[in-house]
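The values are calculated or read from the model by the stated rules, or taken from the named source; none is laboratory data. Since we're looking at a predicted model, the values are computed, not measured. Don't worry about glycine lacking a Cβ; one is built from the backbone with ideal geometry, like all the others, and counts go over all protein chains shown.
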Amino acid sequence: MNRFEYARAADAGEAVRLASGSAMRFLAGGTNLVDLLKENVERPTKVIDIRRLPLAGITATDDGGLRLGALATNADTAWHPEVEARYPLLSSAILAGASPQLRNAATNGGNLNQRTRCYYFYDTAAACNKREPGSGCSAIGGVTRIHAILGSSEACIATHPSDMCVALAALEATVRVQGPSGERSIAFADYHRLPGDDPSRDNQLADGELVTAIDLPAEGYATHYTYLKLRDRLSYAFALVSVAVGLRLDEAGRIVTGRVALGGVAHKPWREPRAEALLEGQAPSQALFLQVADSLLLGAVGRGGNDFKIELARKAIVRALRQAAAGTPQSQTDKRVA
Amino acid sequence: MDTRVHSPAAALGDSGIPITLQLNGFSHTARVEPWVTLLDLLREEAHLTGTKKGCDHGQCGACTVLLDGKRVNSCLQLAVSVDGSAVQTIEGLAESGEGGGLDPLQQAFMDHDAFQCGYCTPGQICSARGLIAEGKARTREEVRELMSGNLCRCGAYTNITDAVMSVLQREGLAK
């Protein structure tokens, strides 16, 4: 670990002021940052401790939604009565990720800003355009089991590791940030970036900007939802492929609106509005769900070791849509899938 | 030595940032550099070596302690950032049972032979204590899922699950 200065901020304004003009990182739960410091992947000269900022609340918003404070832990968010009752898709996704110890420390803002677990990003002896722009990509032509099949570039094929973010994408959350030039909101679909030719930037945050909250809209898909996560072992592993689905059905059982987001397949939670539009006004059926899966996976390419993910994702999307339509969401305790 | 006697600052001299922890019920002050983890502080400065360093990357759970009552990986916490917090380690649990004896979980791990080499055991027991406090696990399947942050290379999982279930049953928390 490199040596660094340490400063503790009491409120968001002070954190943003302290952040100016140096290679700094905000420290909240520490579960990803401290690991990256130990691996010498992150080498800030200054760490600004924000864990005492008053941003841990979970409160109602004026438009009938829910505001999740950036410093609320993943565990407190997943088990919050309002989240469990109104946004069970989010609870389910959070509880599918990491371990209880990590969820007790990790925060909502940190979850959004966690970095890829690409092995080459973590290995400082390997080439990685995300860690060191211009150095190349050792993942391309390397071991690609965990890598992207959608939205990647010749510069980077890393995936975003979060489960929580996949649900937030399906729920169409809004990210609230505060920075040197004031506050602003970013639609969740726009928050994370595709790699393009600059994978070193994971998201749209400008220098010194701090995530203060995540707003959920009123619609939580509390009846017809699922978070289906497929991984190499049943617990405590990152997704090979995951699918978050939220459906709203009318009295006749037809789909009014549907939201589908994929995890483990791209640089960001993957959504495709054209695929979701196929669901509108339709009765749930295997043929419809296959059509949606094909539309979502349009343009998917494997890199050898991850070729299997394309077919795995297709089957997972169909299964997840079926689970959501039937109102039988995936259990995060009894996770075996036949 | 008596690990409950905490000599303020002596071990680390005058450099570093002053912090105070409530450590197993005792006030513990120290000066630490910003990059010192809670795990290293516990082991190297407070000489509470029950908390184990396994992977040192939050992947094995051997370093699990209770931070303000919640189980966390102490290897991923910077000591400066938990200034003012209460920390309970396996040494603290050992005196928390009836009449200052073993925690019921410690006794249950012995009764069920829930260990082989034992290196992961302090983390397993602290994690199980956190699991019971959270109140979300009532069945074997739920215990297995919510103990998944603690890896045992010996594979003593079945007996560990038995031990945790026996305490849940005794406390009327099992389904």
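Table for the structure above
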{"item": "Filter pass, residue A:135 being at pLDDT below 95 and either surrounded by fewer than 18 Cβ atoms within 10 Å (Cβ to Cβ) or in contact with a helix residue (DSSP H, G or I) (Cβ under 9 Å, 6 or more places away or on another chain) (or both)", "result": "no"}
{"item": "Test for residue B:47: is it more than 12 Å from the chain's Cα centre (by Cα), surrounded by fewer than 24 Cβ atoms within 10 Å (Cβ to Cβ), in a loop (DSSP other than H, G, I, E, B) and within 12 Å of chain A (Cβ to nearest Cβ)", "result": "no"}
{"item": "Some residue of segment A:83-98 being surrounded by 24 or more Cβ atoms within 10 Å (Cβ to Cβ) and among the charged types (D, E, K, R)", "result": "no"}
{"item": "From A:51, A:25, residue being within 15 Å of residue A:110 (Cβ to Cβ) and touching a residue at least 24 places away in the same chain (Cβ under 8 Å)", "result": "A:51"}
{"item": "Condition check for residue B:21: over 26 Å from residue A:43 (Cβ atoms), more than 10 Å from chain A (Cβ to nearest Cβ), buried (at least 23 other Cβ atoms within 10 Å of the Cβ) and not charged (D, E, K, R)", "result": "yes"}
{"item": "Residue in segment A:198-220 that is of a type in the set (Asp, Glu), closer than 23 Å to residue A:296 by Cβ and under 17 Å from the mean Cα position of the chain (by Cα) present", "result": "yes"}
{"item": "Contacts under 6 angstrom Cβ, first residue in segment A:257-279 being under 21 Å from residue A:325 (Cα atoms) and among the aromatic types (Phe, Trp, Tyr), partner surrounded by fewer than 23 Cβ atoms within 10 Å (Cβ to Cβ) and modelled with pLDDT of 95 or more, 6 or more apart", "result": "A:270/A:150"}
{"item": "Cβ pairs under 7 Å, 6+ apart, first in segment A:321-336 and free of Cβ contacts under 8 Å to residues at least 24 places away in the same chain and within 14 Å of chain B (Cβ to nearest Cβ), second surrounded by 17 or more Cβ atoms within 10 Å (Cβ to Cβ) and outside any loop (DSSP other than H, G, I, E, B)", "result": "A:333/B:142; A:333/B:145"}
{"item": "Test: residue in segment B:78-89 that is among the charged types (D, E, K, R), more than 9 Å from chain A (Cβ to nearest Cβ), touching a strand residue (DSSP E or B) at 6+ places or on another chain (Cβ under 9 Å) and surrounded by fewer than 24 Cβ atoms within 10 Å (Cβ to Cβ)", "result": "no"}
{"item": "Only one of A:163, A:123 that is closer than 23 Å to residue A:41 by Cα, charged (D, E, K, R) and surrounded by 18 or more Cβ atoms within 10 Å (Cβ to Cβ)", "result": "A:163"}
{"item": "Positions within segment A:131-160 being within 19 Å of residue A:238 (Cα to Cα), out of contact with any strand residue (DSSP E or B) (no Cβ under 6 Å at 6 or more places or on another chain) and aliphatic (A, V, I, L, M), in sequence order", "result": "A:139, A:143, A:146, A:148, A:149, A:157, A:158"}
{"item": "Output for segment B:107-128, where each listed residue is out of contact with any strand residue (DSSP E or B) (no Cβ under 6 Å at 6 or more places or on another chain) and either farther than 18 Å from residue B:169 by Cβ or within 12 Å of another protein chain (Cβ to nearest Cβ) (or both)", "result": "B:115, B:116, B:117, B:118, B:119, B:120, B:121, B:122, B:124, B:128"}
{"item": "Scope segment A:316-338; condition crowded, with 17+ Cβ neighbours inside 10 Å and not in a loop (DSSP other than H, G, I, E, B); matching residues", "result": "A:316, A:317, A:318, A:319, A:320, A:321, A:322, A:323, A:324, A:325"}
{"item": "Residue in segment B:120-135 that is in a strand (DSSP E or B), buried (at least 19 other Cβ atoms within 10 Å of the Cβ) and either among the basic types (Lys, Arg) or at pLDDT below 95 (or both) present", "result": "no"}
{"item": "Subset tally (residues that are under 21 Å from residue A:196 (Cα atoms) and either in a loop (DSSP other than H, G, I, E, B) or of a type in the set (A, V, I, L, M, F, W, C) (or both)) for segment A:251-296", "result": "12"}
{"item": "Close pairs from segment B:96-111: first within 17 Å of residue B:131 (Cα to Cα), partner hydrophobic (A, V, I, L, M, F, W, C) and at pLDDT below 95, Cβ under 6 Å, at least 6 apart", "result": "B:103/B:93"}
{"item": "Close pairs from segment B:156-175: first among the charged types (D, E, K, R), partner surrounded by 13 or more Cβ atoms within 10 Å (Cβ to Cβ) and assigned to a loop (DSSP other than H, G, I, E, B), Cβ under 8 Å, at least 6 apart", "result": "B:162/B:112; B:162/B:114; B:175/B:138; B:175/B:139"}
{"item": "Residue check, residue A:313 part of a loop (DSSP other than H, G, I, E, B), within 19 Å of the chain's Cα centre (by Cα) and buried (at least 18 other Cβ atoms within 10 Å of the Cβ)", "result": "no"}
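Every residue, every condition in (1) surrounded by fewer than 18 Cβ atoms within 10 Å (Cβ to Cβ); (2) among the aromatic types (Phe, Trp, Tyr); (3) within 24 Å of residue A:87 (Cβ to Cβ), yes or no:
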| residue | (1), (2), (3) |
| --- | --- |
| A:209 | no, no, no |
| A:219 | yes, no, yes |
| A:239 | no, no, yes |
| A:244 | no, no, yes |
| A:274 | yes, no, no |
| A:277 | yes, no, yes |
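Here's the yes/no breakdown for (1) among the hydrophobic types (A, V, I, L, M, F, W, C); (2) crowded, with 24+ Cβ neighbours inside 10 Å:
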position: A:187; (1), (2): yes, no
position: A:199; (1), (2): no, yes
position: A:232; (1), (2): no, no
position: A:235; (1), (2): no, no
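Conditions tested, residue by residue: (1) farther than 22 Å from residue A:103 by Cβ; (2) under 18 Å from the mean Cα position of the chain (by Cα); (3) more than 11 Å from chain A (Cβ to nearest Cβ).
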position	(1), (2), (3)
B:132	no, yes, yes
B:135	no, yes, no
B:140	no, no, no
B:146	no, yes, no
B:149	no, yes, no
B:160	no, yes, yes
B:163	yes, yes, yes
B:172	yes, no, yes
